[in-house]
Amino acid sequence: MKPLIVANWKMNPETSDKTKELLDSINKETVKNREQVVICPPFVYLSLVKDIKKGAQNLFFEEKGAFTGEISPLMLKDAGCEYIILGHSERRKIFGESDELINKKIKAALRANLKPIFCIGETKEERENNITKKVLLSQIERGLDGVKEAELGNIILAYEPVWAIGTGISCETEKAKEAADFIREVVTKLYSLNLAKNTPVLYGGSVNSENAFSYIKEGNFNGLLVGGASLKAEEFLKIIKNVL
Ligand code: PGA
């Protein structure tokens, strides 16, 4: 499977001018790898992302109606999105998203033919208490509850240890590999070995140009979810160059 590199821009850049500048630099250099790079900007900048795959960072699970401030899966599809980041720890923590809500969002995304990038990961405390596997298992079971085998082909899992996100403290490749192996074990148990082999598992959490390739080569990951480093054109392009 070819590695996928996903940029999660979060609530950045601050203006459309800065967004255009960043996109221009990325676009110029990624011509050969277009199929393997995905940009997930804030909603208002989606239309600025051209000639490169794009995704959104959130959606609401209803199709339309009186839901002030929300965006539907179909609207995202219509805006050219192929991917959608769901279950991100910032949404779980800051916005109180539960596994149940994430599950509804995943199913709504699949109905609209969007590919969920489903994030899971333990907090520092959970790792220290040796319950990482328990947490991952529960997040996957609940998040994918009712998702059928035939739909799993559109799901991408992203292992993002919460303590590694935005901290500059990336997860050691070996530890990350253990998590990736476990995630594939869970998918095998819930679905099948074949589906586990074909479901991409990304790593996210303080990825930079120096550590990026080790997650693919030694960590057995199928790609990366990049936050901070994807906002610096030069650094992001180095990641792409080192991995693809
Ligand atoms: P980071 O963020 O690369 O800045 O740690 C990753 C993410 O939140 O997806």
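Yes/no matrix, rows are residues, columns are (1) surrounded by 15 or more Cβ atoms within 10 Å (Cβ to Cβ); (2) within 16 Å of the ligand (Cβ to nearest atom); (3) under 17 Å from E234 (Cβ atoms):
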| position | (1), (2), (3) |
| --- | --- |
| A7 | yes, yes, yes |
| L22 | yes, yes, yes |
| F43 | yes, no, no |
| V49 | yes, no, no |
| A56 | yes, yes, no |
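Of the conditions (1) under 18 Å from the mean Cα position of the chain (by Cα); (2) among the polar types (S, T, N, Q); (3) surrounded by 15 or more Cβ atoms within 10 Å (Cβ to Cβ), N113 clears all except one; give me its number.
(3) is the only condition that N113 fails.
Could you tell me how many of the residues in region 161-175 are within 13 Å of the ligand (Cβ to nearest atom) and either closer than 11 Å to Y215 by Cα or assigned to a helix (DSSP H, G or I) (or both)?
Total satisfying the criteria: 5.
Within region 107-121, is there a residue that is more than 16 Å from the ligand (Cβ to nearest atom), touching a strand residue (DSSP E or B) at 6+ places or on another chain (Cβ under 6 Å) and assigned to a helix (DSSP H, G or I)?
Yes: region 107-121 contains one or more residues that are more than 16 Å from the ligand (Cβ to nearest atom), touching a strand residue (DSSP E or B) at 6+ places or on another chain (Cβ under 6 Å) and assigned to a helix (DSSP H, G or I).
Select, from F221, F236, the only residue that is within 13 Å of the ligand (Cβ to nearest atom), of a type in the set (F, W, Y) and either at pLDDT below 95 or surrounded by 23 or more Cβ atoms within 10 Å (Cβ to Cβ) (or both).
Matching residue, one of F221, F236: F236.
Checking the structure you have, find out if any residue of region 131-150 is within 15 Å of the chain's Cα centre (by Cα), at pLDDT 95 or above and of a type in the set (D, E, K, R).
Among the residues of region 131-150, not one is within 15 Å of the chain's Cα centre (by Cα), at pLDDT 95 or above and of a type in the set (D, E, K, R), which makes the answer no.
Limited to region 191-218, what total is found for residues that are assigned to a helix (DSSP H, G or I) and within 14 Å of the ligand (Cβ to nearest atom)?
Adding up the residues that qualify gives 2.
State whether the residues of region 87-95 include one that is of a type in the set (S, T, N, Q), touching a helix residue (DSSP H, G or I) at 6+ places or on another chain (Cβ under 8 Å), buried (at least 21 other Cβ atoms within 10 Å of the Cβ) and farther than 23 Å from L224 by Cβ.
Within region 87-95, none of the residues are of a type in the set (S, T, N, Q), touching a helix residue (DSSP H, G or I) at 6+ places or on another chain (Cβ under 8 Å), buried (at least 21 other Cβ atoms within 10 Å of the Cβ) and farther than 23 Å from L224 by Cβ.
Would you say G228 is surrounded by fewer than 17 Cβ atoms within 10 Å (Cβ to Cβ), touching a residue at least 40 places away in the same chain (Cβ under 8 Å) and not acidic (D, E)?
No, not satisfied.
Please determine, by comparing only the residues of region 147-160 that are surrounded by 14 or more Cβ atoms within 10 Å (Cβ to Cβ) and in a helix (DSSP H, G or I), which one is nearest to the ligand (Cβ to nearest atom).
L152
Aromatic (F, W, Y) and within 16 Å of the ligand (Cβ to nearest atom): is that true of F182 in this structure?
no
The values are calculated or read from the model by the stated rules, or taken from the named source; none is laboratory data. All values derive from a computational prediction rather than experimental measurement. Cβ atoms come from the backbone with ideal geometry, glycine included; neighbour counts cover every protein chain shown.
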